[in-house]
Amino acid sequence: MPNVGEQIEKGGRRLTPQQQKFLDNYIHGDMTQTAAARAAGYKSPNVRAVQLLNNPVVKERMEEMRDELQAKYGVTIAKSIRDLQMIRDAALSEGNYSAAIKAEETRLRASGVMVDRKHITHENIGAMNREQILEQLNSFIDKAKTRMIDITPEEDVAADTKEPQDVSITYNSDEPT
């Protein structure tokens, strides 16, 4: 695929400078697709980012750019996920459960299995009294409890045990799917 500004055969297609800037931001700038579209100057970045990533010419150039990075640094998603699994397994065998959990969380995020969902609520607490603030906090806690999973082990685990223990996982039945 020709780079921006290169001559192409008649009937060929290439990226516009704005599309290339979007890809540069997305691939090299470590930005989200929406942030990359916004930085490239698109007026509706949410919509344009999705359209750009579905454009066959943009997709082709994005694959080329990823292949260039892979060749340059020797990094692939598959290799990173495999390495994280080895780190997790080593941490488990050494009894370092927090490191094992962190490696597994990172591996699941990288593979797309686990997605962070955050909901940010803006409240004007300056206009609330103490009781209203406590009431709002309790409602947040109640809402969070309905979304949590109980992973408490059924029996007490001995402190000197290095082997992973079986745990039961209880899902809240009233949680929306």
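Just so you know, all these numbers are worked out from the coordinates, no wet-lab data involved. Being a predicted model, the structure only gives us computed values, none of them experimental. No Cβ is skipped: glycine too gets one built from the backbone with ideal geometry, and neighbour counts run over all protein chains shown.
Only sites in a loop by DSSP and with at most 15 other Cβ atoms within 10 Å count here; which trypsin sites (Lys or Arg not before Pro) in region 28-77 make the cut?
The qualifying sites are 43.
Restricting to Cα atoms and excluding each atom paired with itself, what does the Kirkwood estimate give for region 17-73 in Å?
11.1
Could you work out how far apart the two model spin labels at residue 125 and residue 50 are, taking each label as a point 7 Å from the Cα in the direction of the beta carbon, and quote it in nm?
Result for the modelled spin labels: 3.5 nm.
Using C-alpha positions alone, give me the convex hull volume of region 29-153 per residue in cubic angstrom.
Enclosed volume per residue, from the Cα hull, is 201 Å³.
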